[in-house]
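The structure appears below as structure tokens.
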Amino acid sequence: MKFDTASVVSYSPTGTTTRVLKGIVEGMGSKLSFLDATLPEARETAILPEGDVLLVGMPVYSGRIAREGRALLEKLRGDGRPAVAVVVYGNRHYDDALLELGDILKEKGFKVIAGAAFIGEHSFADEKYPTAIGRPDDYDMPVIRSFGAKVPKMLGAADSVSELPEADLPGNRPYKVPSTMPDGSPVTDVETCVHCGKCAAVCPVGAVDPKDPNATDGVACTFCCACVKACPTGARVLKLEPVASLGKKMWDNFSSRREPEFFMPR
Ligand SMILES: Cc1cc2nc3c(=O)[nH]c(=O)nc-3n(C[C@H](O)[C@H](O)[C@H](O)COP(=O)(O)O)c2cc1C
């Protein structure tokens, strides 16, 4: 099948999903247009991708794809084109997220030919409770590229999209009901804050007031921890309980290394 260009759509508050997608694209070896739709302006002005194949990556939040990412996918139109669904999760599990992503892509008119679940540093990880810290790492990257390399092979083996088999993605319907996060968005230590504004600049939902980071909109906050990870002085932290203990809870229960999984017809 003729395959010249790939389009990539990413939503990635702490950057691990984007790193995974870039690795896949390296493995695919194709020309591409990369849409990082993490920040609100990018989501609003998103120009819908038009490549021969679409690659979509979303982080897993509470066993589902992240809410803001889901809203972005509503804008897509497949017109029968093939798509690859990728979820990135923090070493607990991805539950129904990959199935959900595949279902949305199908609903939008794509043919989902492959899916994968990769592991990324947990949003709540820190030096003390380092769940999946540094992932995707040097062991993951060749695996990620090898997944990418399989995509052009699959496409090349078929004469048309109708000949391409659909991927069977894992998960259950109805999907898991995401747990509601308790109150407790990140706070800023005024003594160590240097007022650089990075916390506000990286927030995917515009919840942080650049003039006063402690005036964070706790309703809009998705607990993605982009602000915490971007803070150059460590002033921005998850401090309020019970959210502050989630990092420890993850480490206590989900520190055994999980490995990437591919779902594509043989
Ligand atoms: C609110 C929230 C919920 C999460 N839920 C899960 C989960 O259900 N399973 C899991 O393994 N990781 C979970 N994570 C971790 C993220 O999926 C993981 O850190 C991912 O790499 C973040 O992607 P990003 O760097 O592209 O933002 C959650 C993170 C957040 C912020």
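Brief remarks follow.
- Candidates Arg43, Arg64: the one that is in contact with a helix residue (DSSP H, G or I) (Cβ under 6 Å, 6 or more places away or on another chain), more than 23 Å from Val143 (Cα to Cα) and at pLDDT 95 or above is Arg64.
- For the stretch 88-124, filtering for residues that are surrounded by fewer than 24 Cβ atoms within 10 Å (Cβ to Cβ) and more than 21 Å from Val56 (Cβ to Cβ) leaves 3.
- Of all residues in the stretch 5-18, those that are touching a Pro at 6+ places or on another chain (Cβ under 6 Å), within 20 Å of Phe147 (Cα to Cα) and near the ligand (Cβ under 8 Å from one of its atoms) total 1.
- Just one of the numbered conditions (1) at pLDDT 95 or above; (2) among the aliphatic types (A, V, I, L, M); (3) more than 9 Å from the ligand (Cβ to nearest atom) is not true of Ala97: (3).
- In the stretch 128-139, the condition of being in a helix (DSSP H, G or I) and over 13 Å from the mean Cα position of the chain (by Cα) is met by no residue.
- Residues within the stretch 230-266 that are among the basic types (Lys, Arg) and in contact with a helix residue (DSSP H, G or I) (Cβ under 8 Å, 6 or more places away or on another chain), tallied: 1
- The set of residues from the stretch 166-196 being among the small types (Gly, Ala, Ser) and loosely packed, with under 13 Cβ neighbours inside 10 Å comprises just one member, Ser179.
- Residue in the stretch 180-202 that is within 12 Å of the ligand (Cβ to nearest atom), at negative phi, not in a loop (DSSP other than H, G, I, E, B) and not assigned by TED's automatic domain parsing to the domain that holds Pro59 present: yes
- Given (1) assigned to a loop (DSSP other than H, G, I, E, B); (2) free of Cβ contacts under 8 Å to residues at least 60 places away in the same chain; (3) buried (at least 24 other Cβ atoms within 10 Å of the Cβ), index of the condition Gly69 fails: (1)
- Residue pairs meeting the criteria (Cβ under 9 Å; at least 6 apart or on separate chains; first part of a strand (DSSP E or B), in the stretch 87-103; second within 6 Å of the ligand (Cβ to nearest atom) and of a type in the set (Gly, Ala, Ser)): Val88/Ser12; Val88/Gly120; Tyr89/Gly63; Tyr89/Gly120
- Of all residues in the stretch 22-48, those that are basic (Lys, Arg) and crowded, with 18+ Cβ neighbours inside 10 Å have Cβ atoms under 9 Å from Cβ atoms of residues that are part of a loop (DSSP other than H, G, I, E, B) and at pLDDT 90 or above, 6 or more apart or on another chain, in Arg43/Tyr11; Arg43/Ala37; Arg43/Pro204.
- Checked against the criterion of being of a type in the set (Asp, Glu) and under 21 Å from the mean Cα position of the chain (by Cα), the candidates Asp168, Asp217 yield just one match: Asp168.
- Unique residue being within 14 Å of the ligand (Cβ to nearest atom) and of a type in the set (Gly, Ala, Ser) when the list is Gly23, Gly115, Gly27, Gly80: Gly23
- Among residues of the stretch 10-20, those that are among the aliphatic types (A, V, I, L, M) and either closer than 17 Å to Cys224 by Cα or modelled with pLDDT under 95 (or both), counted: 0
- Glu50 passes every criterion in (1) under 18 Å from Lys75 (Cβ atoms); (2) part of a loop (DSSP other than H, G, I, E, B); (3) within 17 Å of the chain's Cα centre (by Cα) apart from (3).
The values are calculated or read from the model by the stated rules, or taken from the named source; none is laboratory data. This is a predicted model, so every value here is computed, not measured. Methodologically, a virtual Cβ is constructed for each residue, glycine included, from the backbone with ideal geometry; neighbour enumeration extends over all protein chains shown.
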